[in-house]
Every structure is written in structure tokens, then in C-alpha cells.
Amino acid sequence: MFFEKKKFNSSLKKELFISVKIERTINKSIDKNGECKICLSGGSSPQNTLIQLSKSDKIDWSKVVFFLTDERVTALNSNQSNYGNLNSIFKNTPVIIEPFYNGVNLNKSIDSYQRHIKKYLSNEDDHFDLLILGFGEDGHIASLFPEDKKSPQRQEDVFYVNKIVNGYDRLSLSMKRLKKSKQTIMISYGETKYDLIENRKGFNYPILEFLRNQENVSWFYSI
């Protein structure tokens, strides 16, 4: 399943290491394809790595396109908005970032984000160049939660999560779209998340469903 698995005792060393790895992946993709398409998790696990990455002057950020794995239904400038946080981190770069939720209308947001995906991933077999993925202690990824038994079978790229989770409705990419990633960097902190991957492989958690038969996954963790 994993081609790389690395434990870090220092968060700073971990963030620097992953940042350099992402930088190399971006530049390799730009050299080959003229652009790099990256899908990013919200949440705290990837955030410090992204802050470190945003300082890089070795990347042509105008050729990088960001996608979000999911979003809370909240104002764009809310500190609970994944788009708002990402936009703040990369505010000094010309990277392309499209809001997942437009701050006003759910249906229009879904249609708009679907068009955003089709613009850069126009064919059925097109993949993200890189997915930077965090996961919850309950095993959720994006806004795909363990109790939603239908989510692994969803065929549409973008859907509304008709459930309030931690105070917010959500929009999410489907498992099918997330798995269409050429390479995945998975980031986790803490023993609970480590145990989830290492010792619960028979359980039906979204993170384990994602990893099933997935290639080119690197897992960087701290306990």
C-alpha cells in the first residue's frame, strides 16, 4: 500500500521534509505538464506544512491549481472556512484557488466547483497530480464520515453532506474523485491516528477505504 512511511519526532523537521517533497513534486509536474493540480485537506494536520510551503521561491505558483477536499457551509472569511484559511496562507502567491462554497448558495456552489474540476480534469481518467491528505481520529477524510454508508458508492465528484457535523453543513469531494490522485501525501499526528492505520485494517473507516488498492501513498506521522 505505502511506498514510503516515515516517523518524525519533531514537528518542524516533519514539516520541512514534507514541504521539500511537495516542492519537488510540483516542479516535476510543471516541467512535464506545464501545471500542477493539487487537492488539499482542510483541518490542522496539513496546515503548518502548507505555511512552510507557501514561503518557497522555487515554485512558479501561477502554474499551480489548488482544489479542496471539502468545505464547511460558512462565510468565505470565516476562520472555519477551508478556502479562507488556504487563501490566507497563500495570499502572497498567484496560485489558483477556487472557493468550494461561494458563501451564498449550495446548488450554485456545487455546480461551480464541478465546472472548476472539469476545467482542469476534463477527462474521466484525469487525476490530481498530488493529494495532501489529513484524516480524523474517527477515520473520516474530506467530509466522508464512517456512519455514512452510502458515501463510498457516490459517483458524482461533488456532493452536499446533508448532515450537520461539528456545527456545519458541508460540501465534499467523493471517494471516487479523491482516489483519482497520482500521488498522495498523508499527514497525521498522535497515537490514535497511528493506531487507526496500523491496527484497524479490517474496519470500515473512510481513510482505510481510500487506502485500499491505492498506489503511490506516502505516510508521514508523529506519535
| query | When you go through (1) crowded, with 17+ Cβ neighbours inside 10 Å; (2) farther than 29 Å from PRO99 by Cβ; (3) touching a Ser or Thr at 6+ places or on another chain (Cβ under 7 Å) one by one for ILE197, which number turns out not to apply? | reply | (3)
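Starting from residues that are among the hydrophobic types (A, V, I, L, M, F, W, C) and in a loop (DSSP other than H, G, I, E, B), keep the ones in the stretch 95-117 and report whichever is surrounded by the fewest Cβ atoms within 10 Å (Cβ to Cβ).
Going through the qualifying residues, I end up with VAL104.
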| task | Search the stretch 62-76 for residues being closer than 19 Å to SER44 by Cβ and in a loop (DSSP other than H, G, I, E, B), and hand back the single one that is modelled with the highest pLDDT. | result | THR69
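Hey, among PRO146, PRO99, which residue is touching a helix residue (DSSP H, G or I) at 6+ places or on another chain (Cβ under 6 Å) and not polar (S, T, N, Q)? Show your work before the answer.
Working: PRO146 fails: touching a helix residue (DSSP H, G or I) at 6+ places or on another chain (Cβ under 6 Å).
One residue alone meets the criteria, PRO99.
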| field | Residue list for the stretch 78-114, restricted to those being farther than 23 Å from ILE132 by Cβ and either of a type in the set (Asp, Glu) or without any contact (Cβ under 8 Å) to a residue 12 or more places away in the chain (or both) | value | VAL104, ASN105, ASN107, LYS108, ASP111
| note | Per the filter on the stretch 200-221, residues touching a Lys or Arg at 6+ places or on another chain (Cβ under 9 Å), surrounded by 19 or more Cβ atoms within 10 Å (Cβ to Cβ) and among the hydroxyl-bearing types (Ser, Thr, Tyr) are TYR221
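Against the definition (small (Gly, Ala, Ser) and exposed (fewer than 13 other Cβ atoms within 10 Å of the Cβ)), how does GLY139 come out, yes or no?
Working: small (Gly, Ala, Ser): yes; exposed (fewer than 13 other Cβ atoms within 10 Å of the Cβ): no.
No, not satisfied.
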| task | Being closer than 21 Å to ARG177 by Cβ, in contact with a helix residue (DSSP H, G or I) (Cβ under 7 Å, 6 or more places away or on another chain) and of a type in the set (D, E, K, R) is the filter here, so list the residues in the stretch 191-223 that pass it. | result | GLU209
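The values are calculated or read from the model by the stated rules, or taken from the named source; none is laboratory data. Computed from a predicted model, the values in this text were never measured in an experiment. Neighbour counts run over all protein chains shown; Cβ positions are idealised from the backbone, glycine included.
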